[in-house]
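One structure below.
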């Protein structure tokens, strides 16, 4: 009996599967969207529970990441996180995604990387959505770092935009553009938060 309790305790402490992370994250966001008085900040804070904005920033910057000093990496990650949180939380509020229906189709795990394939049904239109997750090691929690909608990767889109901006304006120009966009989004969200 003691060994059964130990096994149950060990299984209970194991990190959730990628599919569970996506399902629970989606359910929590949908529940929050249905709540009266939900704000951009509340949605963004909830997304922090299962989305790794810093990993998205690092992967989106690609080879340029390694060229940055630790302080610059931290500043870039922070700016990207604030930009993405504001952007996607505002979009979720505007679009009223509480009306969407999700279908969870499959999970693929390869080492410390995973993909969860889903479909989103919005107004009779079925949209394929793939979540890409990673974990730092086998004992770590799975975290989302990319979302692919209709074969368009959020990560790849940002990576392409960043390459162009760095080629035109350098890293500092890219950072300035991101901060400007973030500030505009936060300014637009301010009235909705009151």
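The values are calculated or read from the model by the stated rules, or taken from the named source; none is laboratory data. These numbers were taken from a predicted model, which means no experiment stands behind them. All Cβ positions, even for glycine, are placed from backbone atoms using ideal geometry, and neighbour counts span all protein chains on display.
Candidates in segment 141-152 are the residues that are out of contact with any helix residue (DSSP H, G or I) (no Cβ under 8 Å at 6 or more places or on another chain) and assigned to a strand (DSSP E or B); of these, the one that is surrounded by the most Cβ atoms within 10 Å (Cβ to Cβ) is 149.
Listed here are the residues, each with its yes/no results for (1) at pLDDT below 95; (2) exposed (fewer than 12 other Cβ atoms within 10 Å of the Cβ).
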{"site": "94", "(1), (2)": "yes, yes"}
{"site": "99", "(1), (2)": "yes, no"}
{"site": "113", "(1), (2)": "no, no"}
{"site": "117", "(1), (2)": "no, no"}
{"site": "133", "(1), (2)": "no, no"}
{"site": "138", "(1), (2)": "yes, yes"}
{"site": "154", "(1), (2)": "yes, no"}
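For segment 38-55, give me each residue that is out of contact with any helix residue (DSSP H, G or I) (no Cβ under 6 Å at 6 or more places or on another chain) and either over 25 Å from residue 188 (Cα atoms) or surrounded by 20 or more Cβ atoms within 10 Å (Cβ to Cβ) (or both). Result: 47, 51, 52, 55. The single condition among (1) touching a helix residue (DSSP H, G or I) at 6+ places or on another chain (Cβ under 9 Å); (2) modelled with pLDDT of 90 or more that residue 69 does not meet is (1). When each of 176, 164 is tested for being modelled with pLDDT of 95 or more, surrounded by fewer than 16 Cβ atoms within 10 Å (Cβ to Cβ), in contact with a helix residue (DSSP H, G or I) (Cβ under 8 Å, 6 or more places away or on another chain) and more than 20 Å from residue 44 (Cα to Cα), the lone residue that passes is 176. Restricting attention to segment 10-18, does a residue exist that is surrounded by fewer than 19 Cβ atoms within 10 Å (Cβ to Cβ), closer than 30 Å to residue 165 by Cβ, in contact with a strand residue (DSSP E or B) (Cβ under 8 Å, 6 or more places away or on another chain) and modelled with pLDDT of 90 or more? No, because not a single residue in segment 10-18 is surrounded by fewer than 19 Cβ atoms within 10 Å (Cβ to Cβ), closer than 30 Å to residue 165 by Cβ, in contact with a strand residue (DSSP E or B) (Cβ under 8 Å, 6 or more places away or on another chain) and modelled with pLDDT of 90 or more. Can you confirm whether segment 132-140 contains a residue that is touching a strand residue (DSSP E or B) at 6+ places or on another chain (Cβ under 9 Å), in a loop (DSSP other than H, G, I, E, B), over 24 Å from residue 68 (Cα atoms) and without any contact (Cβ under 8 Å) to a residue 24 or more places away in the chain? No: zero hits. Annotation: residue 35 fulfils all but one of (1) free of Cβ contacts under 8 Å to residues at least 24 places away in the same chain; (2) part of a loop (DSSP other than H, G, I, E, B); (3) surrounded by 15 or more Cβ atoms within 10 Å (Cβ to Cβ); the unmet one is (3).
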